[in-house]
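The structure appears below as structure tokens.
None of the figures in this text is laboratory data; all of them are computed from the coordinates on show. Note that this is a predicted model, so its numbers are computed, not measured. Cβ atoms come from the backbone with ideal geometry, glycine included; neighbour counts cover every protein chain shown.
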């Protein structure tokens, strides 16, 4: 059984973004879970540069899209799948069709306690499935988390999807899947590159990039919602400027035009 204290500590790492001073009027930003650590750093730099304060919520892009359709008062939406932005735009809920802010990558992550090999070809994962050595393996839920869908596509590309079903542990979003991959009961997972580079994970396991041609591109698009305030507009613009772009690159994202 996993150590309950360790599990609680790991959950705390992913349960909330680093604490930022909040103003009551700070605009609410809905962000894909792969941005968990990168966007916290961007928001702190935005505040330090004197532009204002924002409130960050991270989760699955599909769930956020549904919440916005139901009237959730977010002012900026940073999706891990541009299709969700286009859907909101087609329903008249956004200022326009937004801009592409990053291309995401997926990795196979193996925690230090696991006997699996972090092999980007997934050859060892295949051997573990065929040898009945794989018992628990984490990905985000493919139905509403773009990184989960990319993981599913990569596994299908290698002919592993059917065989891995009995071992899958599904996270509500890719951040939760990363948390599951870290726990003592899991042997690893396929998660966002941006998350394994964060301090919460980089010293707790090994990883390998999965070839990007094995899945549809993770084209990540952001958009202003119709109720966006001037601070939200500034944050949206800031995400396209050099300080934010440098932070995004450091967290493993490929930027448009680079």
Label-point separation, residue 143 to residue 100 (7 Å along Cα→Cβ), nm: 3.0
Separation between the residue 90 and residue 123 pseudo-spin-labels, each 7 Å from Cα along Cα→Cβ, expressed in nm? 4.3
Which value in nm describes the separation of the simple spin-label points at residue 258 and residue 208, placed 7 Å from the Cα toward the beta carbon? 2.7
Among (1) 15.6; (2) 18.5; (3) 13.6, the entry that matches mean projected area of the Cα convex hull in nm² as calculated here: (3)
Stretched fully, the stretch from residue 135 through residue 25 gains (0.36 nm per residue minus C-alpha distance, one decimal, in nm) 34.9 nm
Quick shape summary for the stretch 104-214, equivalent ellipsoid via Cα gyration tensor, semi-axes whole Å in descending order, reads 17, 16, 13
Per the helix-only calculation at 222 nm, which mean residue ellipticity applies to the chain, given -39500 (n - 2.57) for every DSSP H run of n ≥ 4 and division by its residues, nearest 500 deg cm²/dmol? -10500 deg cm²/dmol
Sorting 147, 101 on the 10 Å Cβ count, fewest up front, what's the list? 101, 147
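By count of other Cβ within 10 Å, fewest leading, how are 81, 34, 49 ordered?
49, 81, 34
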